[in-house]
Structures are given as structure tokens and as C-alpha cells.
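Peer 1: To start, I am sharing the structure in question, which I have written as C-alpha cells.
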């Protein structure tokens, strides 16, 4: 049996994957809604994989950028799991990987002067396995599955995907 605490990694806390500004604004407890899902155990397994991949990604970004900018890189998750109500409120796709705990959107305050597309290109060039790594507005969408990742890299702007 998996528990929320299994999402813990060196630099990410379990609640990082459930916080939601939209949920807070609409008084929706995203974690509570997650635990109500009949398949939340299965989703937790995906989430553990996601958390571990995010930890690897953070390490990878530090290997590339830490010396260039002179400080450690942090990653802020601004959207991880989304319950159906939150997903609907933000206009997410009905089959969004966010609703499966397979995706999160993130940014790095330390990399604000680096173009997001350049970060995605660096990740692609390193053959980092992803399902999707997409620039969306001011953040990067990252998703991964345990099997059959599509390795899609690019942008998703104005509801249009452009591969890189």
C-alpha cells in the first residue's frame, strides 16, 4: 500500500504535488479530493515515479546551470495533481495527465533569465526520458509514465503543439 509520504524526495515534499492556487481560491482541497478517487493507489505509484523523475530533473538542471549562474537551481511546482473540479476550472484537457498524477508544471526562479525553450532543448539533447516536456506560457509542463513515454519535446502555446 502506497502513502502520500512516499512522494517525498530529497528536494520535494509530498504536498508540492497537490498544492493548487485555483483550488485554494475556490476552497477545493485537492489532496482530499485525490484521496477520494477509487484508483488513488494506482495514481500514487505514478506519482512516486513522477517525484523521482522531478528529483532527477532538478539534479540535471543543476549540472547544466549551477556553475553558469553561480547558485543552486530550485524547482517550484505550480501545478501537479488536479482533481476533476480544478482541472475543469483551469481549462485542462479531459484526459489530462495532471489528473493521473503523471504531470506537473514547474519553473525555476534561478533560471528566469534563461529561455524556457533552451531548457527544454538541453533536456532533449541529454536524452532525458519524458512523456512530454513542453513550454507553456511561463512554465514547463513535464509528464512521465512508467512505460511507453512518447518523448515529446516542444511548445504548447495557444492550444497548438510545436515540436522541437
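The values are calculated or read from the model by the stated rules, or taken from the named source; none is laboratory data. Just so we're clear, the structure is a prediction, and the values are computed from it rather than from any experiment. Methodologically, a virtual Cβ is constructed for each residue, glycine included, from the backbone with ideal geometry; neighbour enumeration extends over all protein chains shown.
Peer 1: Restricting attention to segment 16-27, and to residues there that are in contact with a helix residue (DSSP H, G or I) (Cβ under 6 Å, 6 or more places away or on another chain) and under 22 Å from residue 5 (Cβ atoms), which single residue is surrounded by the fewest Cβ atoms within 10 Å (Cβ to Cβ)?
Peer 2: 23
Peer 1: While we're here: Cβ-Cβ below 7 Å, separation at least six or inter-chain, first residue in segment 72-95 and touching a residue at least 24 places away in the same chain (Cβ under 8 Å), second surrounded by fewer than 12 Cβ atoms within 10 Å (Cβ to Cβ): which pairs?
Peer 2: Matching pairs, first to second residue: 74/109; 76/109; 89/26.
Peer 1: Could we say that residue 5 is surrounded by fewer than 18 Cβ atoms within 10 Å (Cβ to Cβ), at pLDDT 95 or above, in contact with a helix residue (DSSP H, G or I) (Cβ under 8 Å, 6 or more places away or on another chain) and on the phi < 0 side of the Ramachandran plot here? Working first, answer last.
Peer 2: Numbers: surrounded by fewer than 18 Cβ atoms within 10 Å (Cβ to Cβ): yes; at pLDDT 95 or above: yes; in contact with a helix residue (DSSP H, G or I) (Cβ under 8 Å, 6 or more places away or on another chain): yes; on the phi < 0 side of the Ramachandran plot: yes.
Criteria met by residue 5.
Peer 1: If we scan segment 34-50, do we find a residue that is crowded, with 19+ Cβ neighbours inside 10 Å, in a helix (DSSP H, G or I) and in contact with a strand residue (DSSP E or B) (Cβ under 9 Å, 6 or more places away or on another chain)?
Peer 2: yes
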